[in-house]
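Below is one structure; the comments refer to it alone.
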Amino acid sequence: MKNGMMALDSDMHVYDPPDLYLNYMDKKWGDRIPRGEWPTDYPHIDSKWPHALNSFLAIKGLDQVSQQKILWDNCARLYGLNP
């Protein structure tokens, strides 16, 4: 405790529903996913977010092409890997 205030771990009180940002995106941009990524910490099963991939796959409104861009193609392009 410092100056009467206590610091809380941010993960204890912050929760974003998986479709939060999709609700605010203009639908005409839904198929244009040029640079989005979704961190999964794969293949480390002991990570802080072991269900990140399942959470991503549960998002409604993303087709397989968009999922492919977000999960692989965009990251491969960022790191210069061959997609």
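Read the figures in this text as sums done on the coordinates, not as results from a lab. The shown structure was predicted, so the numbers you read here are calculated from the model rather than taken from an experiment.
What shape does the stretch 34-83 take by its C-alpha gyration tensor, where a ≥ b ≥ c are the square roots of the eigenvalues and a/c under 1.5 counts as rounded, a/b above b/c as prolate, and the rest as oblate? Taking the square roots of the gyration eigenvalues as a ≥ b ≥ c, the stretch 34-83 is oblate. Here the Karplus relation 6.51 cos²θ - 1.76 cosθ + 1.60, evaluated at θ = phi - 60°, turns the backbone of the stretch 48-59 into coupling constants of 5, 10, x, 10, 4, 5, 4, 5, 5, 5, 7, 5 Hz, with x for every Gly and Pro.
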